[in-house]
Protein chains: 2
Amino acid sequence: MTAPLRTGLAALAALSLATAPLAAQTSGGSTYDAADPMIGTGGEGHTFPGAVAPFGMIQLSPDTDTTCEIRKCYGHAAGYRYEDPTIQGFSMTHFSGAGHSDLGDFLIQPLVGDATSLEPGAQRARFDHATEQARPGYYAVTLADSGVRAEMTAGTRVGVQRYTFPAGKDARLLLDLRSSLYSYPGKTLWSSIRVRADGTITGMRETRGWAPARKLYFAIRPSAPLTRHAFSNTEEKVAYNGFQGPGRGAADPAQLQGRALVAQFGFGVLDRPLEVKVAISAVDEDGAIANLDSERGDFDAIRADTGRAWERALGAVELEGPAPMKRMVATALYHSLIAPSVFSDADGRWRGPDDQVHAATGFTFHSTFSLWDTFRAEHPLLVLLQPERRNADFVQSLVASQQVSPFGILPVWQFHGRETWTMIGYHAVPVIADAYLKGIRGFDAQAALDAMVKSATYGPYGGLDQYMKLGYVPIDREPEAASKTVEYAYDDWTIARMAGAMGKADVAAAFGKRAGNWRNSFDAKTGFLRARKADGSYRTPFDPTAINYGSDYTEGNAWQYSWFVPQDQAGMFALLGGDAAAVNKLDAMFDFDNSKLDYSHAEDIAGLIGQYIHGNEPSHHVAYLYAYAGQPWRTQERLKQIVESQYKPTPDGLSGNDDLGQMSAWLVFTALGFYPVAPGSNEYVIGRPFLDRATLNLPNGKRFTVIADGLSEANPYVGKVTLNGRPLARGYLRHEEIVAGGELRFAMRATPNKGWATARAARPYSMSTAR
Amino acid sequence: MTAPLRTGLAALAALSLATAPLAAQTSGGSTYDAADPMIGTGGEGHTFPGAVAPFGMIQLSPDTDTTCEIRKCYGHAAGYRYEDPTIQGFSMTHFSGAGHSDLGDFLIQPLVGDATSLEPGAQRARFDHATEQARPGYYAVTLADSGVRAEMTAGTRVGVQRYTFPAGKDARLLLDLRSSLYSYPGKTLWSSIRVRADGTITGMRETRGWAPARKLYFAIRPSAPLTRHAFSNTEEKVAYNGFQGPGRGAADPAQLQGRALVAQFGFGVLDRPLEVKVAISAVDEDGAIANLDSERGDFDAIRADTGRAWERALGAVELEGPAPMKRMVATALYHSLIAPSVFSDADGRWRGPDDQVHAATGFTFHSTFSLWDTFRAEHPLLVLLQPERRNADFVQSLVASQQVSPFGILPVWQFHGRETWTMIGYHAVPVIADAYLKGIRGFDAQAALDAMVKSATYGPYGGLDQYMKLGYVPIDREPEAASKTVEYAYDDWTIARMAGAMGKADVAAAFGKRAGNWRNSFDAKTGFLRARKADGSYRTPFDPTAINYGSDYTEGNAWQYSWFVPQDQAGMFALLGGDAAAVNKLDAMFDFDNSKLDYSHAEDIAGLIGQYIHGNEPSHHVAYLYAYAGQPWRTQERLKQIVESQYKPTPDGLSGNDDLGQMSAWLVFTALGFYPVAPGSNEYVIGRPFLDRATLNLPNGKRFTVIADGLSEANPYVGKVTLNGRPLARGYLRHEEIVAGGELRFAMRATPNKGWATARAARPYSMSTAR
């Protein structure tokens, strides 16, 4: 697509300057206060505005549209689009920023009056954004047609709705088991619903969506007794070889099963708001009920608990700076603390990629691993900010999944315990290696390394058999071969790094060798990564600007992928002809005239700056590569260009899918002034800060403060850098320097400092000879 | 239908007289030796010839046709029809004699050579009955096209196939996950298959068939290593929002999921037969693997174990008599020992009517309860012949099902843990009451009684709300109202009987009163049970010969149902006008000229003798009612007429569906000379024996022998009866008299003894004033 450059930050900077002095803007207000869940709910962000606890199992959020067809509802991946005029209901499960979709499980809509059409979506209610309130862990809106005030909150394993009905009106709920995100005929394989003797409503749904056969059970407990209920199956004329149960012909059997169920519940006229507590489980109805019971308390109690949990989680980074930037970064941090999500039941049971139920012993199983995205900055951010136990949970969840995988490999893109085979690579590998190398323990490292090696040597997956034989993935055997080759090589390097740290010299040697495989697909003559055929020749014709499904690259082209050698940027620059040639090529990428290009056929291609595509992940580290080439001031310039054009503190404030926190984690790191270009290196490349002051409250109790003296629109360049008062000559931080606590101070200025961090020894991993 | 009277027994009696003297025919041969699983596999029997252990979870049997449509494959309810020329494969699960169907799970066919069409049923192989061998626990056949010798055996939770491939031919297996009995588009909701690292093949299938959503997992372990495999999904052009896993495009991924899967396994050229061990589980794949491992040993070992188990189980009744009769009765006993089937996994887990997994503690969960059929004679036979533990397992399984039922009621027609809502009544109630009253313990009687009361008072089921209000089920509110009224009243009586025995006087009184409700639907003016409307009027027009779905009666008409008052036959006879009128009406039923009637539109209406329909259950006790009217010799005549016309020792030897053993249990009891007309009364009405001698080896170690002195075609009448040497003047036995052990001796003769058991005091329950 011909993506218009975003000018949001500049616009807002102007706005904020017009309304209040800088000091007033930066004073007061916690990160929690500054976070705004509406950011990303329009435009390309695909985030949801609803209620979720940090890493919570339930994402209770309004769905404005669920009935779109495959490939036509890309924009509704999170159920809610800011520009939509109506809400269909509130469902329990949502992805935060995914490019593909599913979920939207168990849509509930409050209704008043008697008449109900059971046409899908007929219960739509208009709403006005003025009535909306979105806070971490809380969402509210007034449904204009019914006059119902709808409030949502969520604990780790429960969602609670509170509906205030107009006085004197019969309170009703509609539960539509047909509704889901990315819905299409045949998606629901089976569903059931029943009212239990104690008034708890339980049931399940099995769908074939993004996950091939996903079972999800629910338990719903309203605060008022049911006065009546009606279950309907709207699927007509189905060949069905069974008999009707009790209440045949009646609308109120105790149970109904089928593929198109709608339930209606009546509560009569209530003299107080109706609270509806919901839990889910992938295991069984008992699991959902136990999850429901695992978090006691009413709406207000759970809202308060979750509010405190968000204050704690977001308090990991204290922010000072211009209000719009603070809001953007606080929200980015919020978005980075949603997934991977808790997914085991309160009793530890979880359903795995084998569709079987397992017990998590000594850890909490998490799922929703968007690994191709999140290995880059999202997981490194969580390693830095979240307790060791949470990160160990991630690793244990990945390894436990591998151990029960029908293929014996680590997750590729997993949610709700199910593998989706989305995107490429075996990027659970760098996630585990990065955590291990940064000192995260609490998991069986040998089992993890075994899982990593198995994943990297499983021949049937993604051309790995050919990769192991030829040293590259041949395009005539496997699509997207060029991207796969370089990503495999990087993943291999992280195995070597971890194996080396563990003293496994043989594994380290074998995968260290494989880490060089990127060279086998890099065409020094054209200066691009290119797909090769099994006979060794490069595939022709070659167009470095082409973006197509099943092409040589994955959601991108040669411009973006040629830069993906985090483990050996030095080697790649050498092939290009040296640092100057690398800078020239970087400039050529950013300054590319894309006015003649049309990428509207491809999803996820948004946020273009020339051939740099910030809306998708392969570009995310590229601006930092100027620093590798000895020109950190060019990185600083590009970062300003990207932040100003790609982020805004508004609903359409994300230029691309947030991808389960990766777009946001990029902003959090970048705003702090450093970024993990090569997870596994334990280094963070220094860019430039975008906040006056930021303090990391680290899990070990230490504080690490970043100060940007003189930061302003007029002072976009880094002059001097000190770490704990001493000048820092190099262009990167070491992980241990951050976790030790301390102060990183930038002196910002109007002109580039072309003398800082330019020597090879001062440059980041693979460029420096210092290690 | 205009059913031709069967003349099998008479024909075979003639045959046997022609071939060997009686003494030679009756000598030697255990009941095990005499049992012939081919009986019932043609005609109306719906039994299967394959391998099953007593009450075994696996019924491993050939399927001759699985692709028929609903309502067109009634005859293939057990997968195999004797008259079919080809076998499609061998599947693990089958009903024994059901009128409706499902199952046929996990069809495997051995193949040779390379070419395979994946068209459903394309793997059909011709076969010749001469190559078949069917024994309890063993079945073999030679597939003519491939030359493969196929042998089947089964343990309690495993099935083992042994395939001997022609020398030098590549051995292959096809596993068709699309195939099932009563198959139709959309029946398979989902399925999956994978090859595990150790070579075990596991997977699952979820179907919406007779049971609304039934999950079944499998584990398959071949004795030879796989040399290759191919998984195919034959469903084309399905809207599906997922991505392909490893091996995309390849036929040999490690796993495949979908709705139309076929797997092929290659083993190369083998130098010994291929054994294929299979287990199933409703819980998960681990459950199936554990079940597989729960019975060690190869084909021959398991065949020997199961053979011994059948010798023990069938040894409960030693038989002497003409070979054809011995074969029929031995086979009937065999068929009565197949269901209810073990269904919990080896570790005790089972999936219940709530589709959730539960643990059986202290009992083995059994399922496949065809209760409308089996409460009559099948369960009473098992109470008599099977160990207390087995019967207590049945009761515990029923009560455990009630406790997790979404409706809180006992099973109606349950298989694989799932409720099907087939037929009417709450006949788990008499099964439990009969067991309890006959001294079966080992279950929580109070919990059982609670379950019975809940089932009898659950308003939404089958018009029970109206029944409780009006004292009958009104036909303008609920179909088949007349049948329901009388069956509910009988079930209520058994609750009263059990409650009385437990000292629960209030429950006994309440249900004792309900036991009289049959009167509210009995029209003394016409002498028929008739359906009434809610306003009290009888529905008109009234045709006592009409049989229709949704009519006043269930698979029958007023002729059959008017006799169903086992708890108060005396009261019913009084309404008819006394004993003589009752005998006249019985004769009118048996002697009815049905040549003008056509019942071909109704399933399960077979085996007609006038308006007596032996092929379906409502008639089963009717011949014994002459004895209630003081004319036991007329019962003796009718029994001869029925046995000779309704049973043959040939594949088409059952005149109606065996109905999970009820048709067979009728013959076992009848051949012994007594029958449980009113389960709950602890009485057996004496008919006439059909064997020279039969000895019951009772679970308590006692022996009860029945001797028929002078039995022959010429001596069809009972002259004198002695029990333990003393004359027995009454026309019924008490349960305690049998379990005490002893000898019941009949002196058979050519003419009726019109002086025996005619006094009211000598007649069975409700006629005698002696109790």
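Look through B:Gln403, B:Gln396, B:Gln414 and report the one residue that is under 22 Å from B:Met57 (Cα atoms) and assigned to a helix (DSSP H, G or I).
Numbers: B:Gln403 fails: under 22 Å from B:Met57 (Cα atoms); B:Gln414 fails: assigned to a helix (DSSP H, G or I).
B:Gln396 is the lone residue from the list that is under 22 Å from B:Met57 (Cα atoms) and assigned to a helix (DSSP H, G or I).
Among the residues of the range B:643-650, is there at least one that is more than 21 Å from the chain's Cα centre (by Cα) and not small (Gly, Ala, Ser)?
Of the range B:643-650, the ones more than 21 Å from the chain's Cα centre (by Cα) are B:644.
Keeping just the survivors that are not small (Gly, Ala, Ser) gives B:644.
So far as the range B:643-650 goes, yes, one or more of its residues are more than 21 Å from the chain's Cα centre (by Cα) and not small (Gly, Ala, Ser).
Going residue by residue through the range A:64-77, is there one that turns out to be under 25 Å from the mean Cα position of the chain (by Cα), surrounded by 24 or more Cβ atoms within 10 Å (Cβ to Cβ) and outside any loop (DSSP other than H, G, I, E, B)?
Among the residues of the range A:64-77, not one is under 25 Å from the mean Cα position of the chain (by Cα), surrounded by 24 or more Cβ atoms within 10 Å (Cβ to Cβ) and outside any loop (DSSP other than H, G, I, E, B), which makes the answer no.
Is there any pair with a first residue in the range A:90-108 that is within 14 Å of another protein chain (Cβ to nearest Cβ) and a second that is crowded, with 24+ Cβ neighbours inside 10 Å and part of a strand (DSSP E or B) whose Cβ atoms are under 7 Å apart and which are 6 or more apart or on different chains, and what are they?
Listed pairs, sorted by first residue: A:Ala98/A:Ser370; A:Gly104/A:Asp63; A:Gly104/A:Ser91.
Can you pull out the residues in the range A:482-529 that are buried (at least 21 other Cβ atoms within 10 Å of the Cβ) and among the polar types (S, T, N, Q)?
Across the range A:482-529, the qualifying residues are A:Ser483, A:Thr485, A:Thr494, A:Asn517, A:Ser521.
Exactly one condition in (1) in contact (Cβ under 8 Å) with a residue 60 or more places away in the chain; (2) assigned to a loop (DSSP other than H, G, I, E, B); (3) at negative phi is false for B:Met423; which is it?
(3)
When the residues of the range A:158-189 are narrowed to those that are in a strand (DSSP E or B) and over 29 Å from the mean Cα position of the chain (by Cα), which ends up farthest from the other protein chains (Cβ to nearest Cβ)? Walk me through how you get there before you give the answer.
Here is the first cut: in the range A:158-189, the residues in a strand (DSSP E or B) are A:159-164, A:170-176, A:188-189.
When the remaining residues are screened for being over 29 Å from the mean Cα position of the chain (by Cα), the result is A:163-164, A:170-174.
On the way: A:Tyr163: 26, A:Thr164: 32, A:Asp170: 23, A:Ala171: 24, A:Arg172: 22, A:Leu173: 20, A:Leu174: 21 Å.
Restricting to residues being in a strand (DSSP E or B) and over 29 Å from the mean Cα position of the chain (by Cα), the top hit is A:Thr164.
If you scan the range A:682-725, which residues turn out to be hydrophobic (A, V, I, L, M, F, W, C) and either within 29 Å of the chain's Cα centre (by Cα) or within 20 Å of A:Ser30 (Cβ to Cβ) (or both)?
Of all residues in the range A:682-725, those hydrophobic (A, V, I, L, M, F, W, C) come to A:685-686, A:690-691, A:694, A:696, A:698, A:704, A:706-708, A:711, A:714, A:718, A:721, A:723.
Within the range A:682-725, A:Val685, A:Ile686, A:Phe690, A:Leu691, A:Ala694, A:Leu696, A:Leu698, A:Phe704, A:Val706, A:Ile707, A:Ala708 meet the criteria.
Being out of contact with any Pro (no Cβ under 7 Å at 6 or more places or on another chain), more than 13 Å from B:His735 (Cβ to Cβ) and not in a helix (DSSP H, G or I) is the filter here; which residues of the range B:643-674 pass it?
B:Tyr647, B:Lys648, B:Thr650, B:Pro651, B:Asp652, B:Gly653, B:Leu654, B:Ser655, B:Gly656, B:Asn657, B:Asp658
Look at B:Ala346 and say whether it is touching a helix residue (DSSP H, G or I) at 6+ places or on another chain (Cβ under 9 Å), assigned to a loop (DSSP other than H, G, I, E, B) and surrounded by fewer than 24 Cβ atoms within 10 Å (Cβ to Cβ).
Values: touching a helix residue (DSSP H, G or I) at 6+ places or on another chain (Cβ under 9 Å): yes; assigned to a loop (DSSP other than H, G, I, E, B): yes; surrounded by fewer than 24 Cβ atoms within 10 Å (Cβ to Cβ): yes.
So B:Ala346 passes the test.
Output the residues belonging to the range B:597-629 that are within 16 Å of B:Leu667 (Cβ to Cβ), in contact with a helix residue (DSSP H, G or I) (Cβ under 6 Å, 6 or more places away or on another chain) and in a loop (DSSP other than H, G, I, E, B).
B:Gly607, B:His614, B:His620
Out of the residues in the range A:267-310 meeting the condition of being farther than 19 Å from A:Met204 by Cβ and of a type in the set (Asp, Glu), tell me which one is nearest to the other protein chains (Cβ to nearest Cβ).
A:Glu295
Can you say whether B:Ala489 is over 19 Å from B:Ala574 (Cα atoms) and either touching a Leu at 6+ places or on another chain (Cβ under 8 Å) or not in a loop (DSSP other than H, G, I, E, B) (or both), as far as the supplied structure shows?
Details: over 19 Å from B:Ala574 (Cα atoms): no; either touching a Leu at 6+ places or on another chain (Cβ under 8 Å) or not in a loop (DSSP other than H, G, I, E, B) (or both): yes.
For B:Ala489, the condition - over 19 Å from B:Ala574 (Cα atoms) and either touching a Leu at 6+ places or on another chain (Cβ under 8 Å) or not in a loop (DSSP other than H, G, I, E, B) (or both) - is not met.
So if I check each of A:Ala496, A:Ala546, A:Ala505, which one is free of Cβ contacts under 8 Å to residues at least 12 places away in the same chain and within 29 Å of the chain's Cα centre (by Cα)? First the steps, then the outcome.
On the way: A:Ala496 fails: free of Cβ contacts under 8 Å to residues at least 12 places away in the same chain; A:Ala505 fails: within 29 Å of the chain's Cα centre (by Cα).
Of A:Ala496, A:Ala546, A:Ala505, the one residue that is free of Cβ contacts under 8 Å to residues at least 12 places away in the same chain and within 29 Å of the chain's Cα centre (by Cα) is A:Ala546.
Going by the conditions given, is A:Ile495 touching a Phe, Trp or Tyr at 6+ places or on another chain (Cβ under 6 Å) and outside any helix (DSSP H, G or I)?
Numbers: touching a Phe, Trp or Tyr at 6+ places or on another chain (Cβ under 6 Å): yes; outside any helix (DSSP H, G or I): no.
Judged against the criteria, A:Ile495 is not a match.
Quick check: anything in the range A:193-200 within 11 Å of chain B (Cβ to nearest Cβ), farther than 30 Å from A:Val269 by Cβ and out of contact with any helix residue (DSSP H, G or I) (no Cβ under 9 Å at 6 or more places or on another chain)?
Taking the range A:193-200 and keeping what is within 11 Å of chain B (Cβ to nearest Cβ), we get A:193-197.
Filter again for farther than 30 Å from A:Val269 by Cβ, leaving none.
The answer is no, given that none of the residues of the range A:193-200 is within 11 Å of chain B (Cβ to nearest Cβ), farther than 30 Å from A:Val269 by Cβ and out of contact with any helix residue (DSSP H, G or I) (no Cβ under 9 Å at 6 or more places or on another chain).
So which residues in the range A:680-731 are in contact (Cβ under 8 Å) with a residue 12 or more places away in the chain and among the small types (Gly, Ala, Ser), if there are any at all? Give the steps one after another, and end with the answer.
Let us first name the residues in the range A:680-731 that are in contact (Cβ under 8 Å) with a residue 12 or more places away in the chain, namely A:680-700, A:702-725, A:728-731.
Scanning the range A:680-731 gives A:Gly680, A:Ser681, A:Gly687, A:Ala694, A:Ala708, A:Gly710, A:Ser712, A:Ala714, A:Gly719, A:Gly725, A:Ala729, A:Gly731.
Out of curiosity, is B:Asp444 touching a helix residue (DSSP H, G or I) at 6+ places or on another chain (Cβ under 9 Å) and surrounded by 24 or more Cβ atoms within 10 Å (Cβ to Cβ)? First the steps, then the outcome.
Working: touching a helix residue (DSSP H, G or I) at 6+ places or on another chain (Cβ under 9 Å): yes; surrounded by 24 or more Cβ atoms within 10 Å (Cβ to Cβ): no.
The answer is no for B:Asp444.
Among the listed residues A:Ala671, A:Ala665, A:Ala629, identify the single one that is of a type in the set (A, V, I, L, M), in contact with a strand residue (DSSP E or B) (Cβ under 9 Å, 6 or more places away or on another chain) and at pLDDT 95 or above.
A:Ala671
How about the range B:440-461: which of its residues are at pLDDT 95 or above, out of contact with any Gly (no Cβ under 7 Å at 6 or more places or on another chain) and either farther than 21 Å from B:Ala515 by Cβ or not hydrophobic (A, V, I, L, M, F, W, C) (or both)?
B:Ile440, B:Arg441, B:Gly442, B:Phe443, B:Asp444, B:Gln446, B:Ala447, B:Asp450, B:Ser455, B:Thr457
Between residues in the range B:253-270 that are free of Cβ contacts under 8 Å to residues at least 24 places away in the same chain and residues that are in a strand (DSSP E or B), which pairs lie under 9 Å by C-beta distance while being six or more apart or on different chains?
Close Cβ pairs satisfying both conditions: B:Pro253/B:Arg194; B:Pro253/B:Phe231.
A:Phe394 passes all but one of (1) crowded, with 24+ Cβ neighbours inside 10 Å; (2) aromatic (Phe, Trp, Tyr); (3) within 14 Å of chain B (Cβ to nearest Cβ); which number fails?
Result: A:Phe394 passes all but (3).
For the range B:202-227, give me the residue count where each residue is crowded, with 21+ Cβ neighbours inside 10 Å, away from chain A (no Cβ under 11 Å) and among the aliphatic types (A, V, I, L, M).
3
Against the definition (assigned to a helix (DSSP H, G or I) and either out of contact with any Phe, Trp or Tyr (no Cβ under 9 Å at 6 or more places or on another chain) or modelled with pLDDT under 95 (or both)), how does A:Lys469 come out, yes or no? Reasoning before the result, please.
Numbers: assigned to a helix (DSSP H, G or I): yes; either out of contact with any Phe, Trp or Tyr (no Cβ under 9 Å at 6 or more places or on another chain) or modelled with pLDDT under 95 (or both): yes.
Yes: the conditions hold for A:Lys469.
Having 1 or more residues that are acidic (Asp, Glu) is the bar; report the helices (runs of 4 or more DSSP H) wholly within the range B:543-596 that clear it. Don't jump to the end; show me each part of the working.
Working: elements: B:558-561, B:569-576, B:579-590.
The helices (runs of 4 or more DSSP H) meeting that bar are B:579-590.
Which of the following residues is at pLDDT 95 or above and surrounded by fewer than 19 Cβ atoms within 10 Å (Cβ to Cβ): B:Asp284, B:Asp298? Even if it seems obvious, please write down each step before you answer.
Values: B:Asp284 fails: surrounded by fewer than 19 Cβ atoms within 10 Å (Cβ to Cβ).
So the residue among B:Asp284, B:Asp298 that is at pLDDT 95 or above and surrounded by fewer than 19 Cβ atoms within 10 Å (Cβ to Cβ) is B:Asp298.
Which members of the range B:451-465 meet the condition of being away from every other protein chain (no Cβ under 13 Å) and either over 25 Å from the mean Cα position of the chain (by Cα) or farther than 21 Å from A:Phe243 by Cα (or both)? If you could, list the steps in order and put the result at the bottom.
Step one: of the range B:451-465, the residues away from every other protein chain (no Cβ under 13 Å) are B:451-453, B:456.
B:Ala451, B:Met452, B:Val453, listed by residue number.
The values are calculated or read from the model by the stated rules, or taken from the named source; none is laboratory data. Quick caveat, the model's predicted, so the values are computed rather than measured. Virtual Cβ from ideal backbone geometry, glycine too; neighbours counted across all protein chains shown.
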